[in-house]
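Student: Dumping the structure here so I can ask a few things about it.
The values are calculated or read from the model by the stated rules, or taken from the named source; none is laboratory data. These numbers were taken from a predicted model, which means no experiment stands behind them. Glycine also receives a Cβ, built like all others from the backbone with ideal geometry; neighbour counts cover every protein chain displayed. Side chains included, ligands, DNA and RNA excluded: accessible areas come from the protein's heavy atoms. Shrake-Rupley method; radii C 1.70, N 1.55, O 1.52, S 1.80 Å.
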Amino acid sequence: MVDLESEVPPLPPRYRFRDLLLGDQGWQNDDRVQVEFYMNENTFKERLKLFFIKNQRSSLRIRLFNFSLKLLSCLLYIIRVLLENPSQGNEWSHIFWVNRSLPLWGLQVSVALISLFETILLGYLSYKGNIWEQILRIPFILEIINAVPFIISIFWPSLRNLFVPVFLNCWLAKHALENMINDLHRAIQRTQSAMFNQVLILISTLLCLIFTCICGIQHLERIGKKLNLFDSLYFCIVTFSTVGFGDVTPETWSSKLFVVAMICVALVVLPIQFEQLAYLWMERQKSGGNYSRHRAQTEKHVVLCVSSLKIDLLMDFLNEFYAHPRLQDYYVVILCPTEMDVQVRRVLQIPMWSQRVIYLQGSALKDQDLLRAKMDDAEACFILSSRCEVDRTSSDHQTILRAWAVKDFAPNCPLYVQILKPENKFHIKFADHVVCEEEFKYAMLALNCICPATSTLITLLVHTSRGQEGQQSPEQWQKMYGRCSGNEVYHIVLEESTFFAEYEGKSFTYASFHAHKKFGVCLIGIRREDNKNILLNPGPRYTMNSTDICFYINITKEENSAFKNQDQQRKNNVSKSFYHGPSRLPVHSIIASMGTVAIDLQDTSCRSASGPTLSLPTEGSKDLRRPSIAPVLEVADTSSIQTCDLLSDQSEDETTPDEEMSSNLEYAKGYPPYSPYIGSSPTFCHLLHEKVPFCCLRLDKSCQHNYYEDAKAYGFKNKLIIVAAETAGNGLYNFIVPLRAYYRPKKELNPIVLLLDNPLDDLLRCGVTFAANMVVVDKESTMSAEEDYMADAKTIVNVQTLFRLFSSLSIITELTHPANMRFMQFRAKDCYSLALSKLEKKERERGSNLAFMFRLPFAAGRVFSISMLDTLLYQSFVKDYMISITRLLLGLDTTPGSGFLCSMKITEDDLWIRTYARLYQKLCSSTGDVPIGIYRTESQKLATSESQISISVEDWEDTKDSKEQGHHRSNHRNSTSSDQSDHPLLRRKSMQWARRLSRKGPKHSGKTAEKITQQRLNLYRRSERQELAELVKNRMKHLGLSTVGYDEMNDHQSTLSYILINPSPDTRLELNDVVYLIRPDPLAYLPNGEPSRKNSICNTTGQDAREETQL
């Protein structure tokens, strides 16, 4: 114990008790020096300056006190005038001497002393070394004039009644008011608009001018008419308003001179003030001013942030946003850093928009501008990227910064962000809703190759329409197409629905079929109450619950619908196939033969991935009156449903053992091991067993592994899909994955060729002559042009060249501006296209948001504009599920148990189904598929007007042959499709035919002459195509390519295609109709014992993919 105590060191001297009592003696011997900073602020002058000038709040109080003193002095002057009795006589002494009572004199002296002392003190504190600068200031001079005489009168009593122009203190009050407002803005950290300040200055200047004139006229007329203050006010108002009644006029020369001086001052001061006010008004018109806090707290508003606002973007947003009834009372605040465009200004002056749209010029990166837009009170903020810039990555960076700035300023404001590049999407993962342009663009282009016109289907679904487009057209297909385009996706809770409440406890397919049969609505998906994931067509095994949210396609939502029972329908004799308004839903006839004849057994065979098989009825039922279809079961019979192991592709049962072995060795199914960007959704798809060397990816160059240099040499079994793009960006991942999805059979996988440059030789080498589809992506380098709509010029001309060279090639194009779709496959003399152009203009005049929908290339799905999907982001404000449903339909997201979009084609063997309702029943009862629409192709029906009659050259020649020479020219009809050696014969025959027509011209009527003119045009056009075909074949021969299979005369001019979304159950099926289906997830039907193989592949590759994408 003693040893331990001896080891404890003694305390330092400064911590001993003696030192605590006597002080730290060691500190005095320390070399350290204590330094005090900012000692200059401890002086008396600096403390006064801090109190009177620097400190915002104390300075504001001082200026408010000064302003009150000046007003008090003016008030005392008025009291002195009112208390004074007007004296008789016209002596000049009345000008210099007044009657002032002693108490009034005392008050005025006190005010003068305080004012002068404050003025001298502020002059001393603000002294900068130049005394004359302080003395010669107008406020200081006025203060001396108004205060010094009163101070002198203290020492010289005889001067107590001396006249002092105290009314000039109004100008000092105006000066104090301006300084007070500036200090007020500094104190509360808010900057009021310069417009408000200028208006306040103008009003105060005008008041001071009038008050000075009133007091001056009243005092100078003491030796004249003895005017009181009211008469002086009347005279000043009449004079300054240039009315000049003349009933009150000044008499003395001094008062007249004073009036002249005041008028001159007014002519100088007021125009300057008005000029500044007008300038600020113009600047405010450009910048937009502020959105008032009171309105933001009492009314609802959304903010639209864009880098540049064009008229098309503005109208698309306004038309789509205000298309919803519950958004009619919302305000739209536009925050844009650029000055308002002339066209935008003209549109915003329309009364319909001027009361609801407010334009603010400012940046989303400035808190001041966000405060002007009242972002913290906004219901939502839409941030759109500028897609017309050359550097799209830079545009995304600006969007990301705007999103961060808004989230930092208003954390609770919902964000709706549009991004261009998928690799930038993870930076704005915090946003409530995000639409990545390249993801949707490439996914729609890919699905267009599998399901025709998927882009048109999605575009029509995300646009708000009442289905009234084309109803004034004489064309039947335009009426059907326009009516069905009004279908949109809506939602409702099952227990609250009239459509679906009766199907609680039933299977999903049962509810979908019977709801369509009874109400004409198409149930496509559900969402559990306790789950955020949406399931598209979960299949017949899914049982509907009362709390499920149902998603359905219909012309309008159920809340805006009226219902009529069948008895009322019979009384009103309403049996039409299509709706006649958004509030009248069809109640169609019950499908005949249900339960009256023998029915087929339910098709429990495994679903084919290529499409359902609509088998004909059995032979035993052919003698019955009408074939029947199995009913849709209320609850799925699990014992009769055979599961489909997706890993063993059922679609390849028909292949030979050698082919099956080779295909199994080539492909496997799993998740891609690598992801090109962070945030991509893993998709189960076909994969190669081994990674292909990079050198083998060049199709036009041989390597040590293969010696092929063109697509023909590879001997692909399926037709090619060619993608013409500027660069191989990350967005191509979303193009490849849908084409390699797991549900597609291996024998239907199309080879994909990426063409980064498209001269004619490269096109021929990559197999354009036997390609199934060619996808042309809009070039990023051409998106920026001096004229906005010229951004698509290069793409349009290139596609037109392809169309002229390879008329049988199916070309799918994406453009920047929807208005440029009218130039796709352009034919200047095509009368039918001109008629569609007139129809588009009429629909636009009627206020349609889908005026471009009747253009044949868009209706057929050969062209679309990604800007048309901007409405998807706008709709998500009301329908927060639209982005999720669209991503599921396009295959961008995969949810376990959710179905996928596919299609099937109606063949001759399927026509026994007859109607869309029976097809719906057949699919629901057999494969569990839910049809959502029809893609129909029919011959192009021209109008009966003479200007639109077009007869082919072959038909004209056949008519002439039957009348003149029988079968003499029948051999010539095939000359154009033969070898190029017949081309001179065609030219010689055409010249002979032209001379014969010229000789017989006068004998023809006007109708026949027009037909002949049309034939000459067709013959010329045919000759031009023949020349182009000769050019292509010569290049193919030069490159050593075979010309077999190149058909230069087969094109799509005689057909038109369009989409019918959720058609009526009574719609008749036609040959070659393509039906859009939502097929249940095949993986959901695997029994519990079988997923081991799937999981082993999915988990290993999926984990690798997730590890690769983690930051």
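Student: Under a plain spin-label model, where a point goes 7 Å from the Cα along Cα-to-Cβ, how far apart in nm are Lys747 and Leu71?
Tutor: A separation of 9.5 nm, rounded to one decimal place.
Student: Still on this model: Mind grabbing the accessible area of Val268 for me, 1.4 Å probe, Å², rounded to tens?
Tutor: 90 Å²
Student: Using the structure shown, list the pairs from Lys701/Lys746; Lys518/Lys838; Lys691/Lys712; Lys506/Lys905 with a Cα-Cα distance above 31 Å, or answer none.
Tutor: In this structure, Lys518/Lys838 exceed 31 Å between Cα atoms.
Student: On a 1.4 Å probe surface of the protein chains, which of Cys305, Cys264, Cys696 comes out largest in accessible area, and what is the full order?
Tutor: Per-residue accessible area, sorted high to low, gives Cys264, Cys696, Cys305.
Student: For the charge dipole of region 858-939, defined by +1 on Lys and Arg C-beta atoms and -1 on Asp and Glu C-beta atoms about the Cα centroid, which residue among Leu919, Leu889, Phe864 has the Cα displaced farthest towards the positive pole?
Tutor: Leu919
Student: For region 488-559, what does the alpha-carbon gyration tensor say about shape, rounded, prolate or oblate, given a ≥ b ≥ c as the root eigenvalues, a/c under 1.5 as rounded, and a/b over b/c as prolate?
Tutor: rounded
Student: Follow-up question, since we're still on this one. How large is the dipole of region 306-365 about the Cα centre if only Lys and Arg carry +1 and Asp and Glu carry -1, each at its Cβ, rounded to the nearest 20 debye?
Tutor: I would put it at about 140 debye.
Student: How much FRET efficiency would the formula 1/(1 + (r/R0)^6) give for Phe96 and Thr249, where r is the Cβ-Cβ distance and R0 is 22 Å, rounded to 0.05?
Tutor: E(calc), rounded to 0.05, equals 0.40.
Student: Calculate, for Ser833 and Arg698, the FRET efficiency according to 1/(1 + (r/R0)^6) with r their C-beta to C-beta distance and R0 45 Å; round to the nearest 0.05.
Tutor: Details: r = 40 Å, r/R0 = 0.90.
The formula returns an efficiency of 0.65 here.
Student: Moving to a separate point now. For region 87-146, place one equal point scatterer on every Cα, skip the solvent, and apply the Debye formula. What is log10 of I(q)/I(0) at q = 0.29 Å⁻¹?
Tutor: With no solvent term, the Cα-only Debye profile gives -1.16.
Student: Also, quick follow-up: State whether region 434-556 is rounded, prolate or oblate according to the following rule on the C-alpha gyration tensor (a ≥ b ≥ c being the square roots of its eigenvalues): a/c under 1.5 gives rounded; otherwise a/b larger than b/c gives prolate, and the remaining case gives oblate.
Tutor: Since a/c reaches 1.5 but b/c is at least a/b, the shape of region 434-556 is classed as oblate.
Student: Next question. Greater than 28 Å separation of Cα atoms is the criterion. Which listed pairs, Lys717/Lys829; Lys441/Lys747; Lys429/Lys879, meet it?
Tutor: From Lys717/Lys829; Lys441/Lys747; Lys429/Lys879, over 28 Å: Lys717/Lys829.
Student: At 1.4 Å probe size, with no ligands or nucleic acids counted, give the accessible surface of Val342 in Å², nearest ten.
Tutor: 100 Å²
Student: Express in nm, to one decimal, how much length is gained between Arg804 and Tyr667 on full extension, taking 0.36 nm for each residue of separation and deducting their alpha carbon distance.
Tutor: Here the segment from Arg804 to Tyr667 would lengthen by 45.6 nm.
Student: Shifting gears a bit: What's the extension gain from Trp156 to Arg326 if we count 0.36 nm per residue and subtract their Cα-Cα distance?
Tutor: That pair, Trp156 and Arg326, stretches by 53.3 nm at full extension.
Student: How many angstrom lie between the C-alpha centres of region 418-490 and region 527-548?
Tutor: Each part reduced to its Cα centre gives a spacing of 24 Å.
Student: Between Met352 and Val878, what FRET efficiency follows from the Cβ-Cβ distance if R0 is 35 Å, with the result rounded to 0.05?
Tutor: 0.95
Student: Could you tell me whether region 782-898 comes out rounded, prolate or oblate from its Cα gyration tensor? Rule is a ≥ b ≥ c as square roots of the eigenvalues, rounded for a/c under 1.5, then prolate if a/b exceeds b/c, otherwise oblate.
Tutor: Here region 782-898 falls in the prolate category.
Student: Then there's this: Restricted to Cα positions, what overall size does region 379-431 have along the principal axes? Three whole-Å values, descending.
Tutor: 33, 19, 14
Student: By how many nm would the segment from Glu1010 to Ser939 lengthen if fully extended, with 0.36 nm per residue of separation less the alpha-carbon distance?
Tutor: This chain segment gains 23.3 nm when fully extended.
Student: Okay, next question. Could you sort Phe274, Phe155, Phe163 by their accessible area in this structure, using a 1.4 Å probe and putting the largest first?
Tutor: Phe155, Phe274, Phe163
Student: Heavy atoms only, 1.4 Å probe, whole protein assembly: order Trp404, Trp171 by accessible area, highest first.
Tutor: Trp404, Trp171
Student: Let me ask something additional. For the residue pair Thr298 and Leu82, what label-to-label distance in nm results when each label sits 7 Å from Cα along the Cα-to-beta-carbon direction?
Tutor: 3.6 nm
Student: Thr727 label point, 7 Å along Cα→Cβ, cut-off 13 Å on backbone N: hits in region 416-460?
Tutor: Residues 421-424 fall inside that zone.
Student: Relative to the Cα centre, what is the charge dipole magnitude of region 126-256, using +1 at the beta carbon of each Lys and Arg, -1 at the beta carbon of each Asp and Glu, and rounding to the nearest 20 debye? It would help to have the intermediate numbers written out before the result.
Tutor: Working: 10 positive and 8 negative charges, 39 e Å.
Roughly 180 debye for region 126-256.
Student: Next up: Describe numerically, in nm with one decimal, the distance between label points set 7 Å from Cα along Cα→Cβ at Ile131 and at Lys794.
Tutor: 7.5 nm
Student: Ok, one more. Could you give the accessible area per residue of region 292-381, probe 1.4 Å, as a whole number in Å²? Let's see the in-between values first.
Tutor: Values: 4090 Å² over 90 residues.
In whole numbers, region 292-381 has 45 Å² accessible per residue.
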